[in-house]
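Take a look at the structure set out below.
Rule-based calculations on the coordinates, nothing more; no lab input. Just so you know, these numbers come straight off a predicted model, no measurement behind them. Cβ coordinates were reconstructed from backbone atoms using ideal geometry, including for glycine residues, and neighbour counts include every protein chain displayed.
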Amino acid sequence: MAGRGMIQIFIYRMFPGMNWRVSSWPPAVIFEAGKKMTGLPFLSVSAVAPVYNVPTDNNRSVINIISPVLPAGAPLRNLYGYLAEENLVRLPDTMDFVTAAVLGCRFITSWRGVTAQGAIKAGDFIAVHGCGGVGLSAIMIAAAMGAVPIAIDIDNTKLEFAKTIGAAYTINAREIVQVPDAVITITKGGAQVSVDALGSWETCKNSIRCLCKQGKHIQLGLMAGAEANPPLPMHEVIAKELQLIGSHGMQAHQYPKMMEWISSGKMHPEKLLGKIITLEESCEALTDLDSFRNTGVTVIRLD
């Protein structure tokens, strides 16, 4: 595969004690395929992107069409061992490479979290805690489905940005201490779905506590380092019969509907773009990630 000069790079640390790791979601073009790669719909000079979090091994039985998470002990394959028929998705002809890079892991994670795990419906209230890439994606997706997104963050600039991509209400958690009460007031009883898009004790707790009876908390933000294993308000989980649901990545077979919605204009992920920077500028940008100063998605131009 050969790239078109755009890449979305992210740094993450999934578990306490783990070193920071660099990963990427590079859209690319297939110019030539090996002789054994036949019968695939995207092998003739096609723009493709790798599926996020669907590692496979030679035993197809470990591939789960319901969940992208492999069973314990299933061996992972590296980039060069990806099985194309499960781990490459053809990009729509109308999608440019900047938009493809914007999708990255954030939009894919939010799509499955909101549509499949959250099962959001038109008219539902959805509280989104954290307006980084994942949170903004969740807001856009929920709004496209006819839901009523409530954006929650500590940065007014990000909250204003959230309004431009679908947020109906905003809450500044630095100015309003009791975020759950604010959500319950807006919704007149609590949100049907609430998403922790950041991954912290506070956002996780607030997300659970702002739900209506039988509401769904969706954990999208990774709980890493000191934020791992938060104390949860389980008395409210029991009293309200709440559901706590994790979501991590998405399977290849769920991509077509998402791509269809983008191609038809129901969603505009290109609006999530914050800025495009050079590879040289990325060194400073990557080391500054913990400051959370950027608004929107940053894409690195490689050419």
In nm, give the distance between the simple-model label positions of Ala119 and Leu302, each being 7 Å from the Cα along the Cα-to-Cβ direction. 4.1 nm
Any chance you could list P(r) for the range 201-290, counting all Cα-Cα pairs in 5 angstrom bins from zero, rounded to whole %? 3, 10, 13, 12, 14, 16, 18, 9, 4, 2, 0
Give me the lysines in straight-line cross-link reach of Lys205: C-alpha distance below 17 Å, same-chain residues under 8 apart excluded. Lys213, Lys216, Lys240
Can you give me the pair-distance distribution of the range 120-196, C-alpha pairs, 10 Å bins, whole percents? 23, 59, 18
Explain nothing, just compute: Karplus ³J(HN,Hα) = 6.51 cos²θ - 1.76 cosθ + 1.60, θ = phi - 60°, for every residue of the range 190-201 in order, whole Hz, x for Gly and Pro. x, 7, 5, 9, 9, 10, 8, 8, 9, x, 8, 4
Working out 0.36 nm times the residue gap between Lys275 and Ala226, then minus their Cα-Cα distance, what length gain in nm do you get to one decimal? 14.6 nm
Lys188-Lys257 pseudo-label distance in nm [points 7 Å out on the Cα-to-Cβ vector]: 3.0 nm
Beyond 20 Å, the calculated P(r) of the range 113-250 holds a percent of Cα-Cα pairs equal to 36 percent
Which cross-chain or sequence-distant (5 or more) residues have an amide H under 5 Å from the amide H of Leu273, H modelled 1.01 Å from N in plane? Val297
Residues meeting the amide H criterion for Asp124 (H placed from the backbone, H to H distance under 5 Å, 5 or more places apart or on another chain) are Val148
Considering the zone a paramagnetic label at Glu202 would reach in this model (a point 7 Å from Cα along the Cα-to-Cβ line), which residues of the range 138-158 have amide N under 17 Å from it? 151-158
From the backbone phi of the range 217-225, what are the Karplus-calculated ³J(HN,Hα) couplings (6.51 cos²θ - 1.76 cosθ + 1.60, θ = phi - 60°) in whole Hz, Gly and Pro given as x? 9, 10, 8, 9, x, 6, 8, 10, x
Here, Val237 and Gln178, labelled 7 Å along Cα→Cβ, have an inter-label distance in nm of 2.4 nm
Please give the contour-minus-distance gain from Thr164 to Cys283: 0.36 nm per residue of separation, less the Cα-Cα distance, rounded to one decimal in nm. 39.9 nm
Assuming R0 = 25 Å, can you tell me the calculated FRET efficiency for the pair Arg293 and Lys266, based on Cβ-Cβ distance, to the nearest 0.05? 0.20
